[in-house]
Amino acid sequence: MKESIKSKEEQIPPFQLNIKDEIGSFHIVENNSGSVRIEIINKEGKKIVLSDLLPEGYEAIGNRRIMSDAKFLGLGNVDTSIADIENKVLVVSESEVKNEGRRYFLTFLHELGHIKRHEANPLFKKERDSEYTQWTRHPKDVEAFKRAEALIAQDERDAWAFAIREYRKIIGELGIPKERIFKSANELMEFVRQTSLGLKANEIRKHVVGQFSISEEGKKRLAAEIFRMYSREELP
């Protein structure tokens with residue numbers, strides 16, 4: 001088994017993304033051990049390393065780590081980044097990075113938001129999973145279904161609130177006009193709705209709570225709340 005895993009690892013070169021223009025640079029680099037470093041730099045050279053914002057004991061990793069460590073078997077080549085609380089890693093999706101470019105900045109902060117929420121309230125995940133288990137054992141328990149859905153929606157809402165708050169704080173510190181990444185709140189909302197609420201709902205089903213996810217109506221409400229959060233001057 002170890003030889004098979006190592007063989008797969010050798011077939012996967014480390015990935016990277018380098019964007020440089022008049023507002024600065026955005027770099028994502030995976031090293032040979034599968035550890036990922038993400039940094040945003042303004043035109044004056046001031047730098048913020050996003051991967052350093054992870055709590056102590058957590059690490060950002062890519063496909064090379066996933067393919068070389070047996071505990072991540074089955075998780076390789078993920079379509080979307082994942083906050084893996086159990087293993088204390090934030091899995092950076094290469095395909096998501098390539099599709100989103102500099103906008104991956106916000107996606108990373110969203111996954112970081114899930115981790116921060118868990119660290120602040122580790123009982124939340126147990127409560128959510130307990131409600132889901134209750135529903136799977138008793139599919140006719142509509143109230144358990146509603147409670148689980150509400151907890152998942154709240155988790156997503158809190159993670160996006162953290163992401164938008166930190167996003168605005170960081171681009172403010174670096175002096176980067178927010179419209180250079182998202183032209184408007186509508187554009188940001190559409191980005192979240194299309195690339196995150198849809199894809200990440202699939203990841204939730206695969207990796208977190210079986211076949212359960214946020215309803216379509218719930219996604220619309222969450223997208224509208226994200227629009228309001230991004231538009232207002234102060235965030236709760």
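Just so it is clear, none of the values below were taken in a lab; they were calculated from the coordinates. Owing to the predicted nature of the structure, the values given are computational and were not obtained by experimental measurement. Methodologically, a virtual Cβ is constructed for each residue, glycine included, from the backbone with ideal geometry; neighbour enumeration extends over all protein chains shown.
Dimensions of the stretch 15-79 along principal axes (Cα, Å, largest first)?
Here the spans come out as 43, 24, 20 Å, largest first.
Given a Förster distance of 41 Å, report the FRET efficiency between Ser95 and His138 from their Cβ-Cβ distance, rounded to the nearest 0.05.
On the way: r = 37 Å, r/R0 = 0.91.
Taking R0 as 41 Å, the efficiency between Ser95 and His138 is 0.65.
Here is the link list: Lys169/Lys220; Lys43/Lys178; Lys71/Lys146; Lys43/Lys183. Which ones come out longer than 22 Å on Cα distance?
Exceeds cut-off: Lys169/Lys220; Lys71/Lys146.
How much length would be gained if the chain were fully extended between Lys169 and Asn18, taking 0.36 nm per residue of separation minus their Cα-Cα distance, in nm to one decimal?
Numbers: separation 151, 0.36 × 151 = 54.36 nm, distance 2.23 nm.
Extra length from Lys169 to Asn18 when fully extended: 52.1 nm.
Using bins 5 angstrom wide from zero, how does P(r) for the stretch 47-118 break down, in % of all Cα pairs?
3, 16, 30, 25, 19, 6, 1
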